[in-house]
Amino acid sequence: MPDLKELGKNKSNLIKALQKRQELEGYISDKDIEEISEAFSMAPVEVEGVVSFYTQFKRIAPGKYKIAVCDGTACHIKGSSLVLNWITDELGIEDGETDEDGIFSMDAVACLGCCSLAPVISINGKVYGNLTRKKLLKILNDYRQKEEADNG
Amino acid sequence: MSEIKITIDGQELLANPGQTVLEVAKEHKIDIPTLCHDNRVGINTSCFVCIVKDENTGNWLPSCSNPVQDGMNITASGHEVDDMRQTALNLLLSEHSGDCEAPCTIACPAHAKVEEYVRAGREGDHLLALDIIKQRIPLPISIGRVCPRFCEKDCRRNVKEDAVAINDFKRLAADLHYEEYMEDMKELKDEKVAIIGAGPAGLATAYFLRIEGIGSVLFDRMPEPGGMLRYGIPEYRLPKDLLDKELDHFNKMGGIEFKCNQELGKDIELSDLKEEYDAVVVAVGSWKSSSMRTEGEELAYDGIEYLEEIAHDGWKAKRDPGETLVVGGGNTAMDCVRTSLRLTDKKVSCLYRRTEKEMPAEQIEIDEAREEGCDFQFLTQPISLREKDNGRLVLECIKMELGEPDASGRRRPIPIEGSEFEIEADTVIAAIGQKTIAPEDVPTNQWGDVDVNENNCQADQSVFAAGDCVSGPATVVEAVAGGRRAALGIKAYLAGEEYNPEYQINVSRGYWQSLNEDELIYLKEPEQKERVEQSLIELSERISTFKEVSYTFTEEEIAQEGERCFECSCTAKTDCKLKEHSEEFGADPEHFKDNIKMDHSYNIEHPQIIMDPGKCIKCGICIKICNEVVNEYLLGFKNRGYETKIGTAFGEPLPVSCEECGECIEACPVGALDWKIKKLEEMN
Amino acid sequence: MVKRIKVGMASCGIAAGAGEVKEKMIEMNPDAEIVEVGCIGHCHAEPLVEIETEDGSYFYQEVEPEEEFINKMLNLEDYSRFESPANREKKEKLYVTELAGKINPISIEEYEENDGYSALKKALEMEPAQIVDEVKTSGLRGRGGGGFPTGLKWSFLADKDEKDKVLICNADEGDPGAFMDRSTMESIPHQLLEGMLIGAYATGANRMFIYCRAEYPLAVKNLNIAIKQLEEAGYNNLNGEDVKITVKEGAGAFVCGEETALIHSLEGKRGTPRFRPPYPTDYGYKGRPSMINNVETLANIPLIIRDGGEKYSQIGTENSTGTKLFALAGDLEYSGLVEVPMGITIGEVVYDIGGAEEGSVKAVQIGGPSGGCIPEEHFDTPIDYDSLTELGAIMGSGGLIVINKGRCMVETARYFLEFTTKESCGKCTFCRIGTKRMLETLERITGGEGSHEDVQLLSDLGDKIIKGSLCGLGQTAPKPVLSTLNFFKNEYMAHVDEGYCAAMECTALVDVYLDQETCIECGQCIKVCPVDAISDDFVVDNEICTRCNSCIEVCPVDAISRVKREEE
């Protein structure tokens, strides 16, 4: 895996460098932007412009469990906006937000590509389909219990 | 280099390969508007105001970016193209948050350049202030005292403390410099205009005609000119010696004649005036009192008759009205109340059928009347009036309660059954409204006011009209505004031209009540400053003399007040390309209205430069100038779609060194990047 | 005897739980040969398992990771067997996706056993110009939605007399509801790569990129493995030179499916488009002549070389040859990935393949947020580029959504416009601001506050946005609105004039009603309501109710339903 200095020699590696950085910390901080601008010999405002253009890049720390709610067409027809509401009601967070304890964060995403299972969410990459409110609450509860168990 | 032929709007033109359609058009003086185009940097292809139609393909193209091809047939003007341009401009205006003109200037019925004369007053240049004021308001001594201050109602400073005391700037400037100031005027021509009525409307018409080099003769039925200024507004609000000083200037201007004691229908006829003069202006005001519609009302004084008589007495205490009842809630009622308070030691009461909140009179008039001892009786309606044998009057009244709102939006008063009662008094004055008595042979509307074209004030051929007789009873400043419109209308008429007022737009952030502190532009951080209170004479003097109640602000007080002004108008208002093109293509800031959440954020951390992203049209010129011309990279696009913004890294302020450069500011087609400090206007 | 076991492990399979199924089978039978395959196309029936024996294959659907089930399967019992619906088999033509779901995606050997890379070898024996001609003869048109003749596009790049040329595969697949390219990349990555290599040879490109959206990690993984494999095998050595193929991930921007925006994104910049001319073939990636083809287009190439352009052109119609992949979803029985010959009618796809109920369908949406709706009365329209365009829709990349009579077309249009407005890059006036203003107007209408002027505005402004936008996103964003206005104006007018949403979807026009007569007072609804909107005597307070549907779902006697909101 090439390091930042290597990547910085070619401007077309910028998005890759940002993706790699986000993999480490889950988001891109101001400091990250400064560091990467330096490595690429670019102005920080230009790098910030690239970061803020693409939905993938987060500027605030995500939760331990990242919930992606698919809002693609098939999921929308099967009620993805209801799923968003159920999660907001249950966890108190809106699209793009992280909860106070940093456990859960939620983002509506374009399409996870599992349209036959609509409506679909994924938590840290694991896909859950055919959701009803009951199913969803059980899934969230399972994660909550896991969190409590982890913390003793 | 082989040349190619293209056609633009039917014109065959030679072009070089590699040129854009815009470049070829410019070379041949074909005007295509642009916003995001700057010769010094690469194309932005963002605003699409330069859009043209390719007749060969039917496609619409941005002419700034499209390279020419041999045989291209372009339409760059005409209805369809104008419509697309207008839509692009309407869209840009719909996301544009700002104030072209300050709300005070927009609110002023005469559209005086308020922010500019306040700035002049703040700087201590009161002569300049007067010069700016007189461009729209030829009667600053009067208006500086009696105006209901439309400007202050819209003043954004209301969000913090109270409005800036704007009107007092006019009063000081007039008090200091009115007599010595002489405006530039065109040379007198042969035409002469007859003006019937030497009140504010007539005077303003004469003034603005004279500026254009057209002389006039003012006829008035009263012994002296001034109209309501002399015979309606009491001395304690507007001293008549000051009014004389104000009117004397009209004599100094030359070309303006006064003929008093001339009543229309008795001493002069409209038909004669039409024959003798090149144009006639009807400015007779609204002098007929409205009826109380009660039995016995002939026993009551008409409000304006009452004031007129006392005016003829020279506003001296030549009579004592005794116990006085004034019926009504407007400014005329307050004038009657406060005049009576000065003439008698007995009780003076004001009866109004709704509550204080609904009274149309200026709040300050109501407050000062109350201070001077008026007894207000609200929700009271007169039913009948009769005279007792001893000459005392008995007014039978009934109590009211407020019901559902009526057509005016105010809650309708409903009589409470069985609540009748009687009040005795020596004098009863009915001041419930006025109507116009229009001259014969002049078109009128359903309310009896003179019916005119609202653009040029023309009633019928060479007859024009302005003031209360057109609008119904209103204010002095509105009459003055009407007079100016009439003057311009007459000027066009005499030249045989059509009067076409320029299409102008104004973008506004909205009424101050819908904004909070963070949403107002502060060119500098404002300190908490209460409004300077106007000094008044002693109360004892107020109720026993007609001495002017208020003092003019001092120069220090005005300077202090000037510091409170936010300077709301856009720093780029005189060179904004968005405004310019929008006016050219008839775009309207209100076209896509309705609940649009606007971005009112701004950054004034730099000492000299303001960044106002609400005005930004995302053209990208500033970014390229900084990068390609200045060889820095301080600005960039952020976010995406509708949320796109231009800003610095992490939203930090621009470095101080930027003020030595200022390239992006010069290049910005609107006011999104500009210098903070506004310069003083120049004298006319 | 069981030869080997194939488990469908594309994203849908994994989401349905195929991973657990595989784990369980390994646990129970560690010696069996268990292979992960790609997308079998019948996503509704996942997890799918194929048991290969000497006598043939046995398919099992909705397989569960438990002993009893798996034993039954291994015993080839007649339990939860999967049969492809007969109609579907007749109507589909698994041509491009023949190998998908049959082979291990990341086994180059298996691909070669199935004739893989034979087309490349054949091509290398031909002249590049011959290959371009074959593609022209085949009549192949761009499968990404544009429908531009691929052979002609290839000739533009081939004719460029420059050393450094770039071939880019557009795998951004941004249409929500489209997963054709994902399936292809996960299931038959080698076929795509073979097509790209043939393309590079034919056009003289010496650098290749696959721009794949980041939301497809399995596709990226499989592609990278496949590339390594083909490099090891030396397949990327064309004309004595090693052509480099790099997979670059997008970062979440639908607009980057547009050619010039994609190029900018590859260059590490904000993905905004630029004006054309100059076209990418004249000035593309880092200024080099570049050509961009869609995944499905490139996956067709090996077959064209193998079978010859003439034979290929026999499939489909005269102006739209070959087959098309569709991601079938919505209100129908059999959703999944289907491949049909061009010229098949919409009705055949919806009813015969998709198993939708006759009489239940109102319209289909073809082409995603850039496309339009086609109402039921036009279901005899053949699926080809030109017929669809005539009706105001577009072929698009292959998203096909079936909409039944219980759905609101106005809300559907609003949904698509919300998507394009969010995805607009923000550069040009008509798209950036126009789509937003249109969306606000639509929201007024679905919110019960619309007027006749609003409906007129949608039409006027939509028309201008199409004309005045810089790129394809803006030029097509108004289409769902305009096409629903064209065919379903009555629904718009009902919203505006009567505040009535026939489908009961627009929450501002809908109340929740509990029928006291039917109610058995079990109390489930009160328990499940997240905002306590149902009183103890079973009355729904519509001021509080958020229309979340929880009570409707949970009621055992269907006593609760959505009804028209009454005006005060």
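The values are calculated or read from the model by the stated rules, or taken from the named source; none is laboratory data. Keep in mind that this is a model prediction, so the values were computed, not measured. All Cβ positions, glycine included, derive from the backbone under ideal geometry; neighbour counts span all protein chains shown.
Brief remarks on what is shown
- Within region C:384-403, the set of residues being in contact with a strand residue (DSSP E or B) (Cβ under 6 Å, 6 or more places away or on another chain), at pLDDT below 90 and more than 14 Å from C:PRO369 (Cβ to Cβ) comprises C:LEU391, C:GLY392.
- Those residues of region C:361-387 which are in a helix (DSSP H, G or I) and either surrounded by 24 or more Cβ atoms within 10 Å (Cβ to Cβ) or touching a helix residue (DSSP H, G or I) at 6+ places or on another chain (Cβ under 8 Å) (or both), in sequence order: C:GLY368, C:PRO369, C:SER370, C:HIS378
- Flag for C:TYR334 being in contact with a helix residue (DSSP H, G or I) (Cβ under 6 Å, 6 or more places away or on another chain), more than 14 Å from chain A (Cβ to nearest Cβ) and aromatic (Phe, Trp, Tyr): no
- Residue in region C:158-179 that is modelled with pLDDT of 95 or more and part of a helix (DSSP H, G or I) present: yes
- Test for B:GLU454: is it surrounded by fewer than 22 Cβ atoms within 10 Å (Cβ to Cβ) and farther than 18 Å from B:VAL281 by Cβ: no
- Lone unmet requirement of (1) in the same structural domain as C:ILE198 (by TED's automatic domain parsing); (2) not aromatic (Phe, Trp, Tyr); (3) not in a loop (DSSP other than H, G, I, E, B) for C:MET126: (3)
- Candidates C:GLU453, C:GLU491: the one that is among the acidic types (Asp, Glu) and touching a residue at least 40 places away in the same chain (Cβ under 8 Å) is C:GLU491.
- Pairs meeting the criteria (first residue in region A:86-101 and away from chain C (no Cβ under 11 Å) and more than 13 Å from A:VAL69 (Cβ to Cβ), second residue crowded, with 17+ Cβ neighbours inside 10 Å and of a type in the set (A, V, I, L, M), beta carbons under 8 Å, at least 6 apart or on different chains) are A:ASP99/A:LEU91; A:ASP99/A:ILE93.
- Condition met for A:ALA61 (more than 11 Å from chain C (Cβ to nearest Cβ), more than 18 Å from C:LYS248 (Cα to Cα) and assigned to a loop (DSSP other than H, G, I, E, B)): yes
- Residue match in region A:30-45 (condition: of a type in the set (Gly, Ala, Ser), in a loop (DSSP other than H, G, I, E, B) and on the phi > 0 side of the Ramachandran plot): yes
- Tally, over region C:411-450, of residues that are of a type in the set (S, T, N, Q) and at the interface with chain B (Cβ under 7 Å from one of its Cβ atoms): 3
- Region C:514-551, residues that are under 24 Å from A:LEU131 (Cα atoms) and among the aromatic types (Phe, Trp, Tyr): none
- Among residues of region C:43-101, those that are of a type in the set (Val, Ile, Thr), closer than 27 Å to A:TYR128 by Cα and out of contact with any Pro (no Cβ under 6 Å at 6 or more places or on another chain), counted: 4
- Strands (runs of 3 or more DSSP E) contained in region B:394-497 and holding at least 1 residues in contact with a Pro (Cβ under 7 Å, 6 or more places away or on another chain): B:411-415, B:427-430, B:458-460
- Any hit, region C:232-253, residues being assigned to a helix (DSSP H, G or I), at pLDDT 95 or above and either away from chain A (no Cβ under 12 Å) or in contact with a Gly (Cβ under 7 Å, 6 or more places away or on another chain) (or both): yes
- Taken over region C:259-292, the residue count meeting the criterion of being within 14 Å of chain A (Cβ to nearest Cβ) and either modelled with pLDDT under 95 or assigned to a loop (DSSP other than H, G, I, E, B) (or both) is 9.
- C:GLU62 being in a helix (DSSP H, G or I), outside the structural domain of C:GLY355 (by TED's automatic domain parsing) and of a type in the set (Asp, Glu): no
- Between A:LYS16, A:LYS78, the distinction of being within 14 Å of chain C (Cβ to nearest Cβ), buried (at least 20 other Cβ atoms within 10 Å of the Cβ), without any contact (Cβ under 8 Å) to a residue 60 or more places away in the chain and not β-branched (Val, Ile, Thr) belongs to A:LYS78 only.
- Residues of region B:36-90 satisfying the condition of being free of Cβ contacts under 8 Å to residues at least 12 places away in the same chain and of a type in the set (S, T, N, Q): B:ASN39, B:THR57, B:ASN59, B:THR87
- Residue identified as within 22 Å of A:GLY125 (Cα to Cα) and away from chain A (no Cβ under 14 Å) among C:GLU54, C:GLU50, C:GLU36: C:GLU36
- Some residue of region C:311-322 being surrounded by fewer than 24 Cβ atoms within 10 Å (Cβ to Cβ), more than 10 Å from chain A (Cβ to nearest Cβ), hydroxyl-bearing (Ser, Thr, Tyr) and touching a Leu at 6+ places or on another chain (Cβ under 8 Å): yes
- Wholly within region A:65-152, helices (runs of 4 or more DSSP H) carrying at least 2 residues that are modelled with pLDDT of 80 or more and out of contact with any Lys or Arg (no Cβ under 7 Å at 6 or more places or on another chain): A:80-91, A:133-150
- Region A:25-55, residues that are touching a Lys or Arg at 6+ places or on another chain (Cβ under 9 Å) and within 7 Å of another protein chain (Cβ to nearest Cβ): A:ASP30, A:VAL45, A:GLU46, A:GLU48, A:GLY49, A:VAL50, A:SER52, A:PHE53, A:TYR54, A:THR55
- Residues in region B:276-293 that are touching a strand residue (DSSP E or B) at 6+ places or on another chain (Cβ under 7 Å), within 30 Å of B:SER384 (Cα to Cα) and either at pLDDT 90 or above or outside any loop (DSSP other than H, G, I, E, B) (or both): B:SER286, B:TRP287, B:LYS288, B:SER289.
- Positions within region C:543-552 being crowded, with 16+ Cβ neighbours inside 10 Å and at pLDDT 85 or above, in sequence order: C:CYS545, C:CYS551, C:ILE552
- Taken as a whole, the structure leaves A:GLY63 outside the set of residues that are without any contact (Cβ under 8 Å) to a residue 60 or more places away in the chain, more than 30 Å from C:PRO176 (Cα to Cα) and either touching a Pro at 6+ places or on another chain (Cβ under 6 Å) or crowded, with 18+ Cβ neighbours inside 10 Å (or both).
- Looking only at region B:52-67, residues that are out of contact with any Ser or Thr (no Cβ under 7 Å at 6 or more places or on another chain) and buried (at least 20 other Cβ atoms within 10 Å of the Cβ) come to 2 in all.
Residue-wise test of (1) part of a loop (DSSP other than H, G, I, E, B); (2) more than 18 Å from B:VAL476 (Cα to Cα).
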residue	(1), (2)
B:ALA198	yes, no
B:TYR207	no, no
B:GLU224	yes, no
B:ASN261	yes, yes
B:SER271	no, yes
